[in-house]
1. For segment 338-351, what does the Karplus curve 6.51 cos²θ - 1.76 cosθ + 1.60, with θ = phi - 60°, yield as ³J(HN,Hα) per residue in whole Hz, taken in order and with x for Gly and Pro?
2. Place the peptides 64-73, 301-310, 107-116, 287-296 in order of packing, highest mean first, counting for every residue the other Cβ atoms within 10 Å and averaging per peptide.
3. Averaging sequence separations of C-alpha pairs under 8 Å and six or more residues apart, then dividing by the length of the chain, give the relative contact order as a whole percent.
4. Could you list which residues have their amide H under 5 Å from that of Val362, counting only those 5 or more apart in sequence or on another chain, with H placed in the peptide plane?
5. Counting only DSSP beta bridges with both residues in segment 28-79, what percent are antiparallel, rounded to the nearest 5?
6. Reachable lysines from Lys186, Cα under 28 Å, same-chain residues fewer than 8 places away excluded?
7. Would you work out if segment 326-434 is rounded, prolate or oblate? Take a ≥ b ≥ c from the square roots of the eigenvalues of the alpha-carbon gyration tensor; rounded if a/c is under 1.5, else prolate when a/b is larger than b/c, oblate otherwise.
8. Please give the length that would be gained between Phe278 and Glu96 if that part of the chain were fully extended, namely 0.36 nm times their separation in residues minus their C-alpha to C-alpha distance (nm, one decimal).
Amino acid sequence: MQSCYSKELLEFIENSPTCFHVVGMLEKMLREAGFEKLQENSRWLLEAGRKYYVTRNGSSIIAFCVPEVIDGFHIIASHSDSPTFKVKEIPEIGVEKKYTKLNVEGYGGMLMSTWFDRPLSVAGRILARENKRIVSKLVNVDRDLLIIPSLAIHMNRGVNDGYKFNIQKDLLPLYGDGESAGTFMKVIAEAAGVDVRDIMGHDLFLYPRVRGSLWGKDNCYISSARLDDLQCVFSSAKGMIMAENCSQAAMLAVLDNEEVGSTTKQGAASDFLKETIFRICCERGMDAVERSRAMASSFMISADNAQAAHPNYMEKSDALNRPFMNEGIVIKYNANQKYTSDAVSSAIFKMICEKAGVPYQVYMNRSDIPGGSTLGNIAGTQISMNTVDIGLAQLAMHSAYETAGAKDTEYLIKASRQFFESIIQSAENGYEIR
């Protein structure tokens, strides 16, 4: 059952401990596939038949192919961030001159208990002074550096009966003994290859050091940190790179900060996607009417993993509309518009899956349990088009170590490629997909 892409996915995730590293890995993949980098603050000279990408904040990226005539955009959007802990600006806390802890705050809605008693480290970016310039540098302390130790059951006998964790008290990672005080930023500087005195700012996050693995009968399952949403990021990027003869403007958007609401300059609620599309149209000589016509013929897939039915908690899922790992791409629905899928967009996506020869299934949360949301409906407030919310089924969503189906990665790669290579046109009383 193991997909040939599983090991490649695990390698991608291992080299992507933070959203900044995700974008760095995508840049590498895109450059190797012939994509050229653009700068937001420079003029774009776009030529038909060529491929480009642009980044914002080092944590979001949009890649696109320019056809001879832009009749519409085919977009797959996913997110680069995952729930974790962010290191505070003044990072160290001493404890009676015996211990040194890191001061962290939660980022996104994580399963806190999964972060205890496992090796952790720190990665992200620093802003360093170089003469009169400030440069951004990726940093990864590539060794076991931290642990968040549990309290012994002898000191909290009722912990197995339920416990409400306090991030500021229970989840501060242990970094060293009393003599380690004042050294954390020196460790970061050494990993980044700079003098600690030249660090002017930082965005640093914890990440689990446990490597991803394939397991189960015939290696049918894949487990790793950050499967949500790097499984979709990797699969859609591979599909775009593999796509040929794209007559529509193919576009890959990987946006940051979905886990905290997307309301940042690089999130789905920002103008990054909209402005990129508008600039492409402008640079290709399209006027406002031509651009509006192209947008009316555009389609977006919002790709963010979905909650699989849990073998120990089947009652938590809808009785019928529940997905399983390795059984295909999940189309997500919600009456209150947490997801963008409707009859039109889901029907079109089902046709894409059928053309690609991959299975699909559906997800709706129980009517008495509120579900999550994703970036599709947020992006829709900036730029409107038919959009479907999809994902790959997984267990332990927002855990420090998640589980998904090994086969599903290949399903999404095939569907993504088919989507980019297809033409979707409005027809009388319906749509034509070819």
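1. Once θ is set to phi - 60°, the couplings for segment 338-351 become 5, 10, 8, 4, 9, 4, 5, 5, 6, 5, 4, 5, 4, 5 Hz.
2. Packing proxy ranking, top to bottom: 301-310, 64-73, 107-116, 287-296.
3. Averaging sequence separation for qualifying contacts and normalising by length gives 22 percent for the chain.
4. Hits under the 5 Å cutoff: Ile331.
5. Numbers: 6 of 9 bridges.
Percent antiparallel among DSSP bridges in segment 28-79 is about 65.
6. Cα-Cα hits under 28 Å: Lys86, Lys88, Lys97, Lys98, Lys101, Lys132, Lys137, Lys169.
7. On the way: a/c = 1.98, a/b = 1.24, b/c = 1.60.
Here segment 326-434 falls in the oblate category.
8. 59.8 nm
Throughout, read-outs are computed from the coordinates displayed, never taken from laboratory work. Here the structure is a predicted model, which means the values were calculated and not measured. For neighbour counting, all protein chains shown are included, and Cβ atoms are generated from backbone atoms with ideal geometry for every residue, glycine included.
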